[in-house]
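Student: My questions all concern the structure below.
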Amino acid sequence: MANYDVNSVVQFGRLKEFGQGIATELSTMKEVSASAFKSAKVVGKTVYFYTSDDMTGTAAFTLNFPSELVLDALKTTFVPSFAFNPETYPGATNPSLEGKPVLVIAVRETGSDGTVTTTYSFLNLESLVDTYVIALGDSAKVLSISGNVITFHVSSQPNNALTVQADGLHVNISGKVDKVSNATAGNLPLLTAEGGISDSGYAFATTADVTELIGELFPQS
């Protein structure tokens, strides 16, 4: 009996068939005395039992072992957007999973005669993989997706404060006007020499206040 690698993929259905085959053969053996079997040999995946000592003549009965099924690591792969091709997956049936994320499982089977065949299975991973869709309209100009890459587009318009830095997007606020500390509600603002704003100390509370402010700003000669 061949040794099976722990990484080999074995179909439970095959094991069940194998067990049922043994049960059938054992029931047949009841008709033949156990002492009648003198020799046995293994050819491929089949064991031949003989009543002769030198394994000659016709075998009293045979016992077939299941084929060896091994996962083909080179052909087993994840396909983000599946497209069935009979040349890529020979002998397989189109699973109708076009455009979906699919795990392709390739199993290499060695038959009793040494023939190696590959069987393909297709597992739909749509429920396990996030799907990104670009919205229509202006938002489509902001983001784009190509394969596994998501691109954020920054406008080239002049004076755009949004820039791309090594660690992410950055809004440049170096030219903004800061809030006035300890400002009094209702007071008029004044420009500073640096282009900022300060509290003038004057408010439009009364007409007299306005008149006083105008007088200070435009003194009479």
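What follows is calculated from the coordinates using simple rules that are stated; it is not laboratory data. Everything quoted here is computed from the prediction, not taken from an experiment. We place every Cβ from the backbone using ideal geometry, glycine too, and count neighbours over all the protein chains shown.
Student: Over the range 48-127, calculate the relative contact order: mean separation of alpha carbon pairs under 8 Å at least 6 apart, over the residue count, as a percent. Working shown, then result.
Tutor: Numbers: 132 pairs, mean separation 21.2, N = 80.
This gives 27 percent for the range 48-127.
Student: Report the extension gain between S96 and Q220 in nm, rounded to one decimal, defined as 0.36 nm multiplied by the number of residues separating them, less their alpha carbon distance. Intermediate results must be reported in sequence, preceding the final value.
Tutor: Values: separation 124, 0.36 × 124 = 44.64 nm, distance 9.04 nm.
Length gained, S96 through Q220: 35.6 nm.
Student: A further question on this structure: Extending each Cα 7 Å along its Cβ direction at D199 and F61, get the distance between those two points in nm, one decimal.
Tutor: 10.5 nm
Student: Highest mean first, what order results for 101-109, 50-58 on Cβ atoms within 10 Å? Don't skip to the end; give the middle numbers.
Tutor: Values: 101-109: 18.7, 50-58: 12.0.
Ranked by mean Cβ neighbours within 10 Å, highest first: 101-109, 50-58.
Student: I've got another one for you. Using r as the Cβ-Cβ distance of K179 and S144, and R0 as 45 Å, what FRET efficiency do you calculate, to the nearest 0.05?
Tutor: Working: r = 38 Å, r/R0 = 0.83.
Once rounded, the FRET efficiency stands at 0.75.
Student: Which order, highest average first, do 159-169, 183-193 follow once you tally other Cβ atoms within 10 Å for each residue and take the mean per peptide?
Tutor: On the way: 159-169: 8.7, 183-193: 11.1.
The most tightly packed comes first, giving 183-193, 159-169.
Student: Can you give the net charge of the other residues whose Cβ lies under 15 Å from the Cβ of F84, counting K and R as +1 and D and E as -1?
Tutor: After counting each charged neighbour, the total is 0.
Student: Please list 76-83, 142-149 highest first by mean number of surrounding beta-carbon atoms within 10 Å per residue. Intermediate values should be presented prior to the final figure.
Tutor: Values: 76-83: 13.6, 142-149: 9.8.
Ranked from most to least packed, the peptides come out as 76-83, 142-149.
Student: Something else about it: As an exercise, use a Förster radius of 22 Å and the Cβ-Cβ distance of S81 and S121 to find the FRET efficiency, rounded to the nearest 0.05.
Tutor: Between S81 and S121 the formula returns 0.75.
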